[in-house]
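Readers should treat all values here as calculations from the given coordinates under stated rules, not as data from a laboratory. Since the model is a prediction, treat every value here as computed from it, not as a measurement. Positions of Cβ are generated from backbone atoms using ideal geometry, with glycine treated the same way; all protein chains shown enter the neighbour counts.
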Amino acid sequence: LDNTLNIGLLASGSGSNVEAILQSIKDKRLDANPCFVLSNNSAAPVKERAFKYAVPFYHISGRTHPEEDGVAFAIIDLIEKYQIDVLVLAGYMKMLPGEVIKHLGGKITNIHPSLLPKFGGAGMYGMRVHRAVIEAGETESGATVHAVTEEYDKGKILGRCRVDVDEDETEETLARKVLACEHKIYSIVLQKIASGEISW
Ligand code: GAR
């Protein structure tokens, strides 16, 4: 019996986290089968990264599926087609439809660029998070991998990594540091899910 985790990856833009995960799989540091990369944006650079690793790329959005619940049903079709075990959100800037979350029984992970529960919630994404961390005078930040529920950034925390916020830190330098630690922590957490070390 093949126990390898079937994963589907979702990203909206650059997709550097998607690439880090695909490279971990290639290097055999992560025992997973990358079935597809899905983006809500047809021009997202993550598309080229999917091609580079020969992983099927899909564009699904309100534009490709304008009918009510169209996006939800299209994503559920992919989950069924590839027998997905875990959906991996990596810089996916859309709220996942509740039907999809229910369909997978919550087997969905997300990465957020702060130490949740701090600096999470609606409107807290990307550079806005790093700006808020600096404005609050925090001395540390980091990234959190968590289970996805129907409430923003509220699911069970599965793993975190920390970085120092230095005296002269800017949003850009902090973003770079946090992103580098995201690239490490996401594959580590997914491997713990694959090996059964994390139960959720
Ligand atoms: C990452 O920093 C990720 O944590 C963040 O967007 C970036 C995507 O970068 N996600 C969120 O803010 C979600 N609320 P990437 O496309 O290069 O992986």
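Please indicate, with yes or no, whether at least one residue in the range 138-145 is farther than 21 Å from Glu171 by Cβ, in contact (Cβ under 8 Å) with a residue 12 or more places away in the chain, under 15 Å from the mean Cα position of the chain (by Cα) and in a strand (DSSP E or B).
There is at least one residue in the range 138-145 that is farther than 21 Å from Glu171 by Cβ, in contact (Cβ under 8 Å) with a residue 12 or more places away in the chain, under 15 Å from the mean Cα position of the chain (by Cα) and in a strand (DSSP E or B).
Just need a number here: residues in the range 11-30 that are assigned to a loop (DSSP other than H, G, I, E, B) and either over 17 Å from Val145 (Cβ atoms) or within 15 Å of the ligand (Cβ to nearest atom) (or both).
Total meeting the criteria: 7.
Can you name the residue in the range 107-117 that is more than 8 Å from the ligand (Cβ to nearest atom) and crowded, with 16+ Cβ neighbours inside 10 Å and, of all such residues, is nearest to Val178 (Cα to Cα)?
Step by step, filter the range 107-117, then rank; the result is Ser114.
Looking only at the range 52-89, how many residues end up being outside any loop (DSSP other than H, G, I, E, B) and of a type outside the set (Gly, Ala, Ser)?
Of the residues in the range 52-89, 17 are outside any loop (DSSP other than H, G, I, E, B) and of a type outside the set (Gly, Ala, Ser).
Could you please find all residues in the range 163-198 being within 14 Å of the chain's Cα centre (by Cα) and charged (D, E, K, R)?
Once the filter is applied, which keeps residues that are within 14 Å of the chain's Cα centre (by Cα) and charged (D, E, K, R), the range 163-198 yields Glu182, Lys184.
Residues in the range 172-187 that are more than 12 Å from the ligand (Cβ to nearest atom) and either in a strand (DSSP E or B) or more than 20 Å from Tyr92 (Cβ to Cβ) (or both): how many?
Count: 2.
Residues being surrounded by 24 or more Cβ atoms within 10 Å (Cβ to Cβ) and among the β-branched types (Val, Ile, Thr): count how many of those fall in the range 22-40.
Total satisfying the criteria: 1.
On the phi > 0 side of the Ramachandran plot, in contact with a helix residue (DSSP H, G or I) (Cβ under 6 Å, 6 or more places away or on another chain), in a loop (DSSP other than H, G, I, E, B) and within 16 Å of the ligand (Cβ to nearest atom) - does that describe any residue in the range 123-136?
The answer is no, given that none of the residues of the range 123-136 is on the phi > 0 side of the Ramachandran plot, in contact with a helix residue (DSSP H, G or I) (Cβ under 6 Å, 6 or more places away or on another chain), in a loop (DSSP other than H, G, I, E, B) and within 16 Å of the ligand (Cβ to nearest atom).
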